[in-house]
Amino acid sequence: MTAKKYPLSRRHFLQASSALAALPLINSPAAFAVGRSKAADIRTYNTHNDWIRAFNDAFKDSDVVTVPQGVTCENINTGIIMPPGKTLQIEGALSGNGRGRFALQDGCKIIGNNQGKLNNICLDVRGSDCAIEGVTMSGYGPLAQIFIGGKDTRTMRNLLIDNITITKANYGILRQGFHNQFDGVKITNGHFTQLQGDAIEWNVAINDKNILISDHVLDTINCTNGKINWGIGIGLAGSTYNNSYPEDQSVKNFVVANITGKNCRQLVHVENGKHFIIRNVKAQNITPAFSKQAGIDNATVAIYGCDNFIIDNVEMVNSAGMLIGYGVIKGNYLSIPQNFTLSNIKLDNTDMPSKLRGIQISSGNAPSFVSITNLDIKRASLELHNKPQHLFMRNINVMQDSDRGPALSMNFDLRKDVRGKFMAKEDTLLSLANIKAVNENGVRSVDIDRVDQHTINASGLNFRLPGR
């Protein structure tokens with residue numbers, strides 16, 4: 001999920017989208033008046049055994065085109081442009097070779113009624129007030145089953161993608177958002193299984209706002225084809241990192257909620273984001289066994305170079321935990337997370353035979369704050385690096401095996417490290433209460449640097465960390 005033409009930190013802009021962007025579209029308001037009848041059975045138009053011609057003719061005549069149950073429309077191997085305001089109702093099946101697509105213009109809908117199936121066909125969203133509902137999609141032919149992009153600079157609104165199943169495919173939903181804007185997107189109630197690429201990829205989406213991604217089940221996102229940066233569950237990215245966090249370069253104003261995921265390398269990923277919420281995530285078996293050659297970190301939640309966000313109510317079992325860290329491009333540290341809240345986090349790796357990442361947090365800058373509350377971590381570590389202006393920790397319980405290192409590490413002294421340029425330069429307010437970090441025998445297991453003349457106790461401690 002990154003850029004070549006428009007550089008991102010870690011992932012590459014997917015050039016294959018250019019072919020989709022080249023499709024000519026009709027955006028004239030007059031086109032909404034074309035339909036002359038309420039509905040048309042696609043079989044009526046397939047007089048030459050040419051389904052592509054049949055769809056084009058049916059859309060000219062009718063506002064609603066139906067593919068009845070038991071009917072399979074084959075060889076959809078080129079682009080079909082749906083005129084504005086049209087609905088394709090699928091209760092049968094459509095199939096192609098991966099080069100076919102339906103381009104949805106303003107007001108277009110694809111409705112599957114939990115019966116419609118598409119194989120090796122892309123749905124290409126190019127307008128406002130579009131909906132894709134109740135379909136099952138599959139096939140490794142297209143780069144993405146649903147593509148949201150285009151090179152025309154316009155604002156589109158009110159996209160609904162609901163109750164879909166995507167399986168045995170590359171990317172599920174792919175947004176390339178550099179050129180235009182989407183305002184108001186709901187992607188809900190999805191089931192994503194056995195994918196090579198990301199389930200939902202919202203990439204270079206610096207103009208978009210009001211995005212809801214919620215109530216999804218993800219199972220087995222595993223890149224085995226050697227593609228770099230493939231294999232994330234849900235990923236969102238802005239553009240180039242900048243420690244001043246400019247609004248016009250970030251992905252922002254979105255919510256990722258109610259996500260259940262297992263069997264992947266990385267479940268939720270955000271880079272260069274602002275003003276977002278991640279909440280109600282349940283994860284299991286998020287390990288390095290998946291997407292081994294993709295070059296991405298192993299973490300249930302991975303946050304890079306973000307500002308002003310909330311992560312709440314995340315439950316992880318036998319999984320890598322969280323990585324909240326710097327934005328990095330070609331080895332250069334460009335920005336650090338700041339101004340965020342982490343709360344109600346559970347990580348239980350009791351049954352994991354090998355060591356996985358626990359909760360690793362880098363934060364900094366002045367002024368900035370970090371609040372970490374209600375963490376319960378078993379057989380994993382909590383690591384903090386660098387210094388924000390204010391660091392608040394409450395109700396922290398960590399147990400890590402002694403042979404795997406300390407349960408709690410707090411590394412504040414990075415003055416001689418290149419990453420230290422993001423440290424708060426004045427006194428840092430460090431406020432701790434009810435902190436318990438022990439090994440398997442219940443013995444305190446804490447490693448702290450740069451806390452002069454102070455000690456860490458189990459609870460009830462507030463102190464100011466001197467600046468140097």
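Of the residues making up the range 279-322, those that are part of a strand (DSSP E or B) and at positive phi are Asn280, Asn285, Asn308, Asn313.
Take the residues in the range 26-42 that are modelled with pLDDT of 50 or more and not in a helix (DSSP H, G or I), then tell me which one is farthest from Gly134 (Cα to Cα). Among residues in the range 26-42 that are modelled with pLDDT of 50 or more and not in a helix (DSSP H, G or I), the one farthest from Gly134 (Cα to Cα) is Arg36.
When restricted to residues that are outside any loop (DSSP other than H, G, I, E, B) and touching a Leu at 6+ places or on another chain (Cβ under 8 Å), the range 215-231 contains 3. Counting the residues of the range 118-159 that are among the β-branched types (Val, Ile, Thr) and touching a His at 6+ places or on another chain (Cβ under 6 Å) gives 1.
Only one residue in Lys282, Lys227, Lys274 is among the basic types (Lys, Arg) and in contact (Cβ under 8 Å) with a residue 40 or more places away in the chain, so which one is that?
One residue alone meets the criteria, Lys227.
Listed here are the residues, each with its yes/no results for (1) more than 29 Å from the chain's Cα centre (by Cα); (2) buried (at least 17 other Cβ atoms within 10 Å of the Cβ); (3) within 17 Å of Ile311 (Cα to Cα).
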{"site": "Phe340", "(1), (2), (3)": "no, yes, yes"}
{"site": "Ile345", "(1), (2), (3)": "no, yes, yes"}
{"site": "Pro406", "(1), (2), (3)": "yes, yes, no"}
{"site": "Ala424", "(1), (2), (3)": "yes, yes, no"}
{"site": "Asp427", "(1), (2), (3)": "yes, no, no"}
{"site": "Asp447", "(1), (2), (3)": "yes, no, no"}
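Among Leu212, Leu174, which is the only one that is surrounded by 24 or more Cβ atoms within 10 Å (Cβ to Cβ) and in a strand (DSSP E or B)? Among Leu212, Leu174, only Leu174 is surrounded by 24 or more Cβ atoms within 10 Å (Cβ to Cβ) and in a strand (DSSP E or B). Inspect the range 353-361 for any residue being at pLDDT below 95, surrounded by fewer than 24 Cβ atoms within 10 Å (Cβ to Cβ) and among the polar types (S, T, N, Q) and give the result as yes or no. Yes, the range 353-361 contains at least one residue that is at pLDDT below 95, surrounded by fewer than 24 Cβ atoms within 10 Å (Cβ to Cβ) and among the polar types (S, T, N, Q). Among residues of the range 247-268 that are among the acidic types (Asp, Glu), those with a beta-carbon under 8 Å from a residue that is crowded, with 20+ Cβ neighbours inside 10 Å at least six positions away or on a different chain give the pairs Glu247/Lys274; Asp248/Ile206.
Out of the residues in the range 254-274 meeting the condition of being of a type outside the set (Val, Ile, Thr) and in contact with a Phe, Trp or Tyr (Cβ under 7 Å, 6 or more places away or on another chain), tell me which one is farthest from Ile336 (Cα to Cα). Looking at the filtered set, the residue picked out is Asn263.
Yes/no per residue for (1) in a strand (DSSP E or B); (2) farther than 19 Å from Asp307 by Cα; (3) at pLDDT below 95:
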{"residue": "Val370", "(1), (2), (3)": "yes, no, no"}
{"residue": "Ile377", "(1), (2), (3)": "yes, yes, no"}
{"residue": "Asn395", "(1), (2), (3)": "yes, yes, no"}
{"residue": "Leu432", "(1), (2), (3)": "yes, yes, yes"}
{"residue": "Lys436", "(1), (2), (3)": "yes, yes, no"}
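Take the conditions (1) of a type in the set (A, V, I, L, M, F, W, C); (2) under 18 Å from Cys122 (Cβ atoms); (3) touching a residue at least 60 places away in the same chain (Cβ under 8 Å); Phe178 misses just one of them, which is (2). Taking the conditions exactly as written (in contact with a His (Cβ under 7 Å, 6 or more places away or on another chain) and not hydroxyl-bearing (Ser, Thr, Tyr)), does Gly172 satisfy them or not? No. Every condition in (1) more than 16 Å from the chain's Cα centre (by Cα); (2) surrounded by 24 or more Cβ atoms within 10 Å (Cβ to Cβ); (3) more than 22 Å from Asp215 (Cβ to Cβ); (4) not hydroxyl-bearing (Ser, Thr, Tyr) holds for Cys306 except the one numbered (1).
Please report, ordered by residue number, the strands (runs of 3 or more DSSP E) entirely within the range 61-160 with at least 3 residues that are touching a residue at least 12 places away in the same chain (Cβ under 8 Å), within 23 Å of the chain's Cα centre (by Cα) and crowded, with 19+ Cβ neighbours inside 10 Å.
117-125, 136-148
So that you can scan it fast, the table gives a plain yes or no per residue for (1) among the acidic types (Asp, Glu); (2) farther than 23 Å from Asn280 by Cβ; (3) not in a strand (DSSP E or B):
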position: Leu347; (1), (2), (3): no, no, no
position: Ser354; (1), (2), (3): no, yes, yes
position: Arg357; (1), (2), (3): no, no, yes
position: Pro367; (1), (2), (3): no, yes, no
position: Thr373; (1), (2), (3): no, no, no
position: Leu384; (1), (2), (3): no, yes, no
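Residues in the range 43-52 that are at pLDDT 95 or above and more than 37 Å from the chain's Cα centre (by Cα): Arg43, Thr44, Tyr45, Asn46, Asp50. Within the range 246-256, does at least one residue satisfy the condition of being within 23 Å of Ala366 (Cα to Cα) and of a type in the set (Asp, Glu)? Within the range 246-256 (the criterion being within 23 Å of Ala366 (Cα to Cα) and of a type in the set (Asp, Glu)), the answer is yes, since at least one residue qualifies.
Being over 18 Å from Phe392 (Cα atoms), assigned to a strand (DSSP E or B) and not small (Gly, Ala, Ser) is the filter here; which residues of the range 323-345 pass it? Listed by number, the residues that qualify are Leu323, Val328, Ile329, Asn332, Tyr333, Leu334. Number of residues in the range 243-278 that are outside any strand (DSSP E or B), in contact with a Leu (Cβ under 9 Å, 6 or more places away or on another chain) and of a type in the set (Phe, Trp, Tyr) equals 0. As a summary of the residue check, Ile164 satisfies the conditions (1) surrounded by fewer than 24 Cβ atoms within 10 Å (Cβ to Cβ); (2) on the phi < 0 side of the Ramachandran plot except for the one numbered (1).
The values are calculated or read from the model by the stated rules, or taken from the named source; none is laboratory data. Note that the structure is a prediction, hence the values are computed from the model and not measured. Note that each Cβ is placed from the backbone with ideal geometry, even for glycine, and that neighbours are counted across all protein chains shown.
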